[in-house]
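Remarks on the structure that follows.
The values are calculated or read from the model by the stated rules, or taken from the named source; none is laboratory data. Worth saying up front: this structure is predicted, and the values here are computed from it rather than measured. Cβ sites come from the backbone with ideal geometry, for glycine too, and all protein chains shown count toward neighbours. Side chains included, ligands, DNA and RNA excluded: accessible areas come from the protein's heavy atoms. Shrake-Rupley method; radii C 1.70, N 1.55, O 1.52, S 1.80 Å.
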Amino acid sequence: MRLAPISWFAAVFLFVLVARAEDPQRVLFIGNSYTGVNKLPDVFLSVVKASGRKEPVVKSSTPGGRTLKQQLGIVGSMKLVDEGGWDVVVLQGQSQEPALAETDEAVRKEFLESAAELCRRVRAKSPKAKIFFYETWARHADYWTENKKAPAMGKDPKEMQARLRKWYGSAAKENGATLVPCGEAWELNYAAAKPVRLHQKDNSHPEFVGTYLNALIFFGTIYDVKVPAPKWNGQLDEAQARLMQGYAAKVLK
C-alpha cells in the first residue's frame with residue numbers, strides 16, 4: 001500500500017520539532033560587569049522562556065573588570081568551564097581590551113592568545129560546545145567629552161565600535177566561534193533620530209534597556225531566530241520593547 005505524501009504543514013511541524021530538540025540544554029556565560037550588570041544571563045533566560053523554548057540550565061561567572069587572560073586565573077570561572085557538558089559557552093573580555101588591541105601590540109597578543117586558550121579549555125571538557133564571543137559596545141559619546149584618555153580607544157564611539165567589531169571578530173574567526181553582534185545594535189540605536197539612552201550615567205555600563213537588547217541578540221544568535229519577539233518586556237513598556245526587538249532583527253538578518 002502506498003503511503004500518502006507528507007503534508008506541508010506536517011513537514012514544517014517536524015522541522016520545528018527537530019530544531020527545538022537541538023536547542024541548548026546548558027549555557028555558560030564567562031564575562032565581567034557587562035554581563036553581570038542587570039544579570040544578562042537571567043534576562044536571556046527570560047527571553048528564551050517567553051519565546052516558547054525549553055528552559056536551559058544557565059550559569060555564569062562575572063567578576064568585574066576582568067580581561068580574558070585574568071579569567072583563566074579565576075578559580076570560579078575555570079571551575080564552571082571544567083564542569084563540562086556545556087552546549088553553549090559565551091566569552092566576554094574587558095570592555096576596552098579589544099579597542100586597545102588596535103594600537104597596542106601587547107594587548108592584542110594577550111587578547112588573542114587568551115581567547116584561544118579559553119576556547120581550548122572549553123573544548124577539553126565540552127567538545128561539542130558552541131562558543132560565542134560577546135561583541136560589546138562603545139562608550140557613550142559623552143565619555144569622549146569628559147575623559148582625556150578616551151582617544152586610546154579611538155577618536156569617537158564609531159571608531160571604538162569598529163575596533164571592537166574587528167578584534168572580537170578576529171577572535172571568533174580564529175577559534176571557530178561565533179560573534180554575537182550586540183555592539184552593532186547599540187550603534188544603530190545611537191545613529192537614530194531619537195536614540196534611547198542605553199548607557200548608565202557612567203557612559204559605560206548598560207541600563208536595563210541595553211541589557212534587554214543584548215539578551216534579544218543572544219537569543220536570536222544562539223537559537224537562529226531572525227526576528228526575536230518574546231512575550232516579555234521586563235522593565236520596558238511595549239513601545240520601547242518593540243523598538244529594541246526591531247534593532248535586534250536588523251543585526252540578526
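Provide a single number: the residues in the range 40-77 that are closer than 28 Å to residue 113 by Cα and either at pLDDT below 95 or not in a helix (DSSP H, G or I) (or both). Working first, answer last.
Here is the first cut: in the range 40-77, the residues closer than 28 Å to residue 113 by Cα are 40-41, 58-77.
Of the ones still in play, those that are also either at pLDDT below 95 or not in a helix (DSSP H, G or I) (or both) are 58-67, 72-74.
Total satisfying the criteria: 13.
Is it fair to say residue 246 is part of a helix (DSSP H, G or I) and more than 20 Å from residue 158 (Cα to Cα)? Please lay out each step first, then the result.
Numbers: part of a helix (DSSP H, G or I): yes; more than 20 Å from residue 158 (Cα to Cα): yes.
Yes, satisfied.
Hey, among the residues in the range 140-154 that are of a type in the set (D, E, K, R) and modelled with pLDDT under 95, which one's most open to solvent (accessible area, probe 1.4 Å)?
Step one: of the range 140-154, the residues of a type in the set (D, E, K, R) are 142, 146, 148-149.
Among the residues that remain, those that are also modelled with pLDDT under 95 are: 146, 148-149.
Working: 146: 131, 148: 197, 149: 164 Å².
Checked the range 140-154; the qualifying residue most open to solvent (accessible area, probe 1.4 Å) is 148.
Restricting to the range 96-139, name every residue that is more than 17 Å from residue 170 (Cβ to Cβ), within 16 Å of the chain's Cα centre (by Cα) and open to solvent by less than 70 Å² (accessible area, probe 1.4 Å).
Here is the first cut: in the range 96-139, the residues more than 17 Å from residue 170 (Cβ to Cβ) are 121-130, 137-139.
When the remaining residues are screened for being within 16 Å of the chain's Cα centre (by Cα), the result is 129-130, 137-138.
Matches in the range 96-139: 129, 137, 138.
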Working only within the range 187-218, note down all residues that are within 29 Å of residue 56 (Cα to Cα), in a helix (DSSP H, G or I) and in contact (Cβ under 8 Å) with a residue 60 or more places away in the chain.
208, 210, 211, 212, 214, 215, 216, 218
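Of the residues that sit in the range 78-112 and are outside any loop (DSSP other than H, G, I, E, B) and among the charged types (D, E, K, R), which one is nearest to residue 35 (Cα to Cα)? Walk me through how you get there before you give the answer.
As a first pass, look at the range 78-112 and keep what is outside any loop (DSSP other than H, G, I, E, B): 78-83, 88-91, 97-100, 105-112.
Checking the rest, the ones that are also among the charged types (D, E, K, R) come to 79, 82-83, 97, 105, 108-110.
On the way: 79: 18, 82: 20, 83: 20, 97: 15, 105: 26, 108: 22, 109: 23, 110: 21 Å.
If we take residues in the range 78-112 being outside any loop (DSSP other than H, G, I, E, B) and among the charged types (D, E, K, R), then 97 is nearest to residue 35 (Cα to Cα).
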I need the full set of residues from the range 135-152 which are touching a Ser or Thr at 6+ places or on another chain (Cβ under 9 Å) and part of a helix (DSSP H, G or I), in order please.
143, 152
Has the range 234-253 got any residue that is surrounded by fewer than 18 Cβ atoms within 10 Å (Cβ to Cβ), within 25 Å of residue 24 (Cα to Cα) and without any contact (Cβ under 8 Å) to a residue 40 or more places away in the chain?
yes
Which of the residues belonging to the range 188-227 are among the acidic types (Asp, Glu) and either in contact with a strand residue (DSSP E or B) (Cβ under 9 Å, 6 or more places away or on another chain) or surrounded by 21 or more Cβ atoms within 10 Å (Cβ to Cβ) (or both)?
207
Can you find a residue that is in contact with a Pro (Cβ under 9 Å, 6 or more places away or on another chain) and among the polar types (S, T, N, Q) anywhere in the range 181-193?
yes
Inter-residue pairs, beta-carbon under 6 Å, first farther than 14 Å from residue 96 by Cβ and in the range 67-78, second assigned to a helix (DSSP H, G or I) and among the small types (Gly, Ala, Ser), 6+ apart
71/77
